[in-house]
1. For residue A:326, which of the numbered conditions (1) touching a residue at least 60 places away in the same chain (Cβ under 8 Å); (2) within 9 Å of chain B (Cβ to nearest Cβ); (3) of a type in the set (A, V, I, L, M, F, W, C); (4) surrounded by fewer than 19 Cβ atoms within 10 Å (Cβ to Cβ) fails to hold?
2. Kindly indicate which of B:194, B:139, B:134 is touching a Leu at 6+ places or on another chain (Cβ under 8 Å) and over 25 Å from residue B:259 (Cβ atoms).
3. Taking into account only those residues within the range A:341-357 that are modelled with pLDDT of 90 or more and more than 7 Å from chain B (Cβ to nearest Cβ), which is surrounded by the most Cβ atoms within 10 Å (Cβ to Cβ)?
4. Go through the range B:74-104 residue by residue and tally those that are within 43 Å of the chain's Cα centre (by Cα), among the polar types (S, T, N, Q) and under 13 Å from residue B:51 (Cβ atoms).
5. Within the range A:404-413, which residues are surrounded by fewer than 22 Cβ atoms within 10 Å (Cβ to Cβ) and more than 10 Å from chain B (Cβ to nearest Cβ)?
6. Could you tell me which numbered condition residue A:365 fails, if it satisfies all but one of (1) surrounded by 20 or more Cβ atoms within 10 Å (Cβ to Cβ); (2) of a type in the set (Phe, Trp, Tyr); (3) in contact (Cβ under 8 Å) with a residue 60 or more places away in the chain?
7. Filter the range B:213-227 down to residues that are outside any loop (DSSP other than H, G, I, E, B) and surrounded by fewer than 17 Cβ atoms within 10 Å (Cβ to Cβ) and give me whichever is nearest to the chain's Cα centre (by Cα).
8. Between a first residue in the range B:27-48 that is under 12 Å from residue B:93 (Cβ atoms) and a second residue that is among the hydroxyl-bearing types (Ser, Thr, Tyr) and crowded, with 16+ Cβ neighbours inside 10 Å, which pairs have beta carbons less than 7 Å apart while being 6 or more apart in sequence or on different chains?
Amino acid sequence: MFVTRSGLILFVFFLTCFAGLQSVAAKEDSSRELFEQYKSLILQVKILYTASGKKSSIGTGFLVKQGGYIVTNYHVVADLLLKPQQYNAVYITESGKTGQLKVVSVDVVHDLALLKADLDNQAYFEFNPEPIQKGTEVYSLGNPRDLGFVILSGNHGGLVEPSLYEKIHFIGALEPGMSGGPSFTVDGKVVGVNVATAGNLLSFLVPSKHVVKMLEDARSLPQNLLVLAQQQLQANQSTYMSDFIRHPIKTTRLGRYRVPDKLSETFRCWGGDVLSKPKPYQIIEQSCESKDDIFLNEDHSTGTVSYKHLLISSDKLDAFKFYTLFEAKFSRLLMAVEGREEDVTNFSCQEKFVVNHGLHLKVVYCARGYKKFFGLYDVVLKAATVDQKKMGLQTALLLTGVSFQNAQQFAKKYLDSITWQQ
Amino acid sequence: MATIIILEALDKNAKVQHRHFIQSLPYYVGRGYSNDLVLDDDFISPEHIKIDLDVEGNLVTSDMGSTNGLYLFNNSQRVSSTIAKTGTEIRIGHTRLRFRKPDYLVKEALKDSLHDHLLSRVMNKRWLLVLLWVAVLSVIAIDQYIGNFNQYSIAKLLSQLLFDYIVVAVWVAGWVVANRLTTNATNFGAHLFVAGLGYASLVLLDGFSHYISYVFSMAEQRLWLEYGTTLLVISAVFYGHLRYCSLAMPKRVVATAAGVSLSVVSLMWFQDAVDDSFSNTIDLTVRLKPPVFNVVVSDQLSEFFASSATLKEQVDQETTRGRDSK
């Protein structure tokens, strides 16, 4: 403990020494005061292998209600939820008390989980679900890399915009293991839950309004948390997919074709010519993907939309050679799909010639099902134009964690938006 | 002197072991050295039987008082004498004997196709052989030409085929050695031709199956196309090689070749059927070919997506199967 505390002071000093020498002393004081004030409201969450008792993962949790109710990240307890026979969860308080934890509720979309410990606490954290001013001083508590509890200060960076799944920018250095810890204002009101770090001084928080909502919803819950998670994933995909299906798809020019452009501001797109050395053909590539995903487990994220177009042309190759090239590129035209055997089935596909807007296409449509979240699918649409001798367009669309009907409607709309300009 | 009758000693499969032309009577058979026919059978007496004409002019075999007697073949009734006609079979001791008259009619000769078959006829026609070799090499060259979209030198293309060359060479060498062991010829030219033709056929049929797969949107069924082509080519190649290496009759060679290729294809099928391993990628090789092959009527967009209901069923089945098995 002694070592930890001196380490903490060093750490805080290190963090704050860049902020300006004058404020160092004051900040250090307030951090120390806040730490002393709130350290009893946080605990370390450890996921253990039941068979061996060894540690599988760690995170931080904080008390949100009387009766030992604790909030942490879904991703901290995901293993426990998906394979309850193999794992169990324990907590360790700042004073060293330990005990078992039970998962009470989850919000898989916003990466939150509500746990219950056998604690008889009176005090707990309160929330500030209202938006606060950018730049406001925010303090974060957690247990980075299993080194002991620390407090660190940062600034509220506002909402990450635009994004499918709302997050707050935390300008400060969250570390692995602080996941699930609270970030709060100087008056102790939680504004968000530590969720992820994207490198130096760039971290994210789940806005506390989602925690408040999870606590409210927790009163009327289905028995099975996997069913709850499935309902949340279904509802979430339904929200954004129906939005995509409702709005017209904006297109952009690619050679003499028009192809889907950025679907919305929640996408990032890139592209360019792929030419490493002089080759008898030309390839122009465009890719887009949604910026956010939903963590299901270490090897499986979901809730993404991504697509890619390739324009391949050649004036040197004859038609047969060109189509050998075209075929080879088409077979490799697929963005990586995550998942393990226990999560998803293998892909099944259908393949046909399709004519649309006078364009002749070879279309492949593939799907696989989620084993733990029935009714959700990963869907791949691949299409290649086959009506030009020495030029062709290929496109691939990957939708993860969507309903079959939504996927089908959107895939159709997506393909329909591709046209040829004389 | 004219032959009166022929006496044949048979083995247990009724094949003739030795044959004796009886030209004067009486004719004595026994183990003793004074007989006309000496048989080294411990169960035959020194003087066992006599063959002679009886008073009515019949040719008769009679027991000369032997220890173990005279029997008609497959008959346990000991006889003292029996009339000898064409086809009469007798047993003395452990020896089986059969009579045949000189006017016995034998069957026409079997047609010999061992050295006269389609392949040998092709091999004998120089111009046809050259033509076929040109075809084989053209198929390989065209396949290489179409299959390479980067601009490679001839040397690089040849080096890409090096592994294939080595496999074919080892294959041919194996058959040549086998041929020399079974017959007195190597038939190098024939084996090389069969191997070359087989290789080109594989290339051709493989390419052909790609076009079929494209035209009829059959990427899912590609395995069956593969089985079909493999079955055909392996049968043909084995038949070709075996016709030179084996002295068996054509029907047997066909059966052997078909058997070998069936077992190879069964093994392939078994391997594919057993392999249901998980993959994160789409293991579907969709073929794309030039516009001239777009001969099948295309779906409208809505038709295509309407038919995806089957796909959903398929996936849902697999999902529930995956859950139930847990």
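1. Looking at each condition in turn, residue A:326 falls short on (4).
2. Values: B:194 fails: over 25 Å from residue B:259 (Cβ atoms); B:134 fails: touching a Leu at 6+ places or on another chain (Cβ under 8 Å).
Exactly one residue qualifies, and that residue is B:139.
3. A:344
4. From the range B:74-104, those within 43 Å of the chain's Cα centre (by Cα) are B:74-76, B:84-104; that's our starting set.
If we keep only those that are among the polar types (S, T, N, Q) too, we end up with B:74-76, B:86, B:88, B:95.
Filter again for under 13 Å from residue B:51 (Cβ atoms), leaving B:88.
Looking only at that region, the number is 1.
5. The first filter runs over the range A:404-413 and keeps only residues surrounded by fewer than 22 Cβ atoms within 10 Å (Cβ to Cβ), leaving A:404-406, A:409, A:412-413.
Result: A:406, single match.
6. Among (1) surrounded by 20 or more Cβ atoms within 10 Å (Cβ to Cβ); (2) of a type in the set (Phe, Trp, Tyr); (3) in contact (Cβ under 8 Å) with a residue 60 or more places away in the chain, the lone unmet condition for residue A:365 is (3).
7. Of the residues in the range B:213-227, the ones outside any loop (DSSP other than H, G, I, E, B) are B:213-215, B:219-227.
Next cut, surrounded by fewer than 17 Cβ atoms within 10 Å (Cβ to Cβ) only: B:215, B:220-221, B:223-224, B:227.
On the way: B:215: 36, B:220: 34, B:221: 30, B:223: 27, B:224: 25, B:227: 20 Å.
Filtering first and then ranking leaves B:227.
8. B:30/B:45; B:31/B:45; B:39/B:95; B:41/B:95; B:44/B:95; B:45/B:66; B:48/B:66
The values are calculated or read from the model by the stated rules, or taken from the named source; none is laboratory data. Computed from a prediction, not measured in an experiment: that's the story for all the values here. Please note: Cβ atoms are built from the backbone with ideal geometry, for glycine as well, and neighbour counts cover all protein chains shown.
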